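K.L.:
The following block contains the structure, expressed as structure tokens.
Values quoted throughout were computed directly from the atomic coordinates according to the rules given, and no laboratory measurement underlies them. The model shown is predicted, which means the values in this text are computed figures rather than measured ones. All Cβ positions, glycine included, derive from the backbone under ideal geometry; neighbour counts span all protein chains shown.
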Amino acid sequence: MKFRTLIDILDRPDIGEVGRTFSVLEMDPAIVELVEAIPNEINSESIHSASLYAFENIMGILFQMGIRAGMQLFDLKTLPYRVWLKRNNDPKSQDCQIVSAFLSLTGYGSIRPVQNMYHDRLGDLNKNPQNISIYDVIGLSHMQTLMKNEFTRNQIEEIVFQVCKEVKKNEMSQAERCDYLLSSIISKVEKRQNNLLLILELLAPLWIIQESKWFRKALGDLESYRTPKGTYLFPECMLSHKEEGFWINGDFMAMDLHERTKAEIECESTFRMLRIRQLSGLLRTR
């Protein structure tokens, strides 16, 4: 939590403190155990399943804990996936979409296989915006080369805009869909507590989402959990950690895997809210 606060919340963190904190983090036994559990065998089941040790779940949990590209053991364990993506770069494959998304999320967005994937994926989504998934959003929104480029940023925003427009027109039919399409996620997000914080955080960097009524309403509703001292304390069900499920569904929301105290839940709740507000341009850090 301290490391993510330093790198994700503070505007100008002390570089020395960042380095010291990361050194402690990467040697933590719980972190090392999770990194070592990244599956060696790469197939559809090891990439996407309800097992805690599926690639997407471990990568999501490690991201929450602050692990990024540059940690030696993490680089070693993700290397086979980077090589695999280079050899299996199919923008229509869900396996490729998931691997690309979590590599982008954890800091590998500058490598050629991931860049190639999103170059091709953007071409497909421009023609068929309804096919954009939450995995696409994760990957695209963490590709700095795309998000800082006015042309490609506008492409991404337009794709999401088209989806939001269709969801509003066909809310009932979209709500019945049970998949990872962005349209389905948006239509259900207000009805589900367990993944609300995660989905808000993942969608917050997009301007079209920031301007939507449902996003602003969701943030307003979360303000009801603000404590008198200015922190936040969300119900534990919003930050629960299950034995199995999908990270993207909010099933692995706890940053620490042990039983947490009220103070720890309050700390995590506050970080989550500040991060969402920051990503959506509503937080001043200096």
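K.L.:
Give me the one-decimal nm value for the distance between modelled label points at Asn194 and Glu223, 7 Å along each residue's Cα-to-Cβ direction.
P.N.:
Each label point is offset 7 Å from its Cα along the Cβ direction, giving 3.0 nm.
K.L.:
Based on other C-beta atoms within 10 Å, arrange Leu103, Leu219 from fewest to most.
P.N.:
Placing the least packed residue first, the sequence is Leu219, Leu103.
K.L.:
Which whole-number percent gives the relative contact order of the range 2-279, counting Cα pairs below 8 Å spaced six or more residues apart?
P.N.:
16 percent
K.L.:
Can you work out the FRET efficiency for the pair Thr145 and Gln94, with r the C-beta to C-beta distance and R0 = 22 Å, to the nearest 0.05?
P.N.:
0.40
K.L.:
Here's another thing I want to ask about it. Return the long-range amide H neighbours of Ser240 (sequence gap of 5 or more, or a different chain), with a cut-off of under 5 Å between placed amide H atoms.
P.N.:
Met253
K.L.:
If packing is taken as the average count of other Cβ atoms within 10 Å, what order do 70-82, 35-47 fall into, highest mean first?
P.N.:
Sorting 70-82, 35-47 by mean packing, highest first, produces 70-82, 35-47.
K.L.:
What are the residues whose amide H is under 5 Å from the amide H of Ser51, where those residues sit 5 or more places off or on another chain and H is modelled from the backbone?
P.N.:
Gly245
K.L.:
Considering amide H positions built from the backbone, and no H for Pro or chain starts, which residues 5 or more places from Tyr232, or on another chain, come under 5 Å of its amide H?
P.N.:
Answer set, sorted by chain and number: Thr227, Thr270.
K.L.:
In the structure displayed, which of Lys188/Lys242; Lys188/Lys213; Lys92/Lys213; Lys168/Lys217; Lys188/Lys217 lie more than 24 Å apart, Cα to Cα?
P.N.:
Too far apart for the 24 Å limit: Lys92/Lys213.
K.L.:
A further question on this structure: Work out how much length Ser240 to Val83 would gain on full extension: take 0.36 nm times their residue separation and subtract the Cα-Cα distance, in nm to one decimal.
P.N.:
Contour length minus Cα-Cα distance gives 53.1 nm.
K.L.:
Within the P(r) computed for the range 2-279, what percentage of the Cα pairs occupies the region above 28 Å?
P.N.:
For the range 2-279, the share of Cα pairs beyond 28 Å comes to 35 percent.
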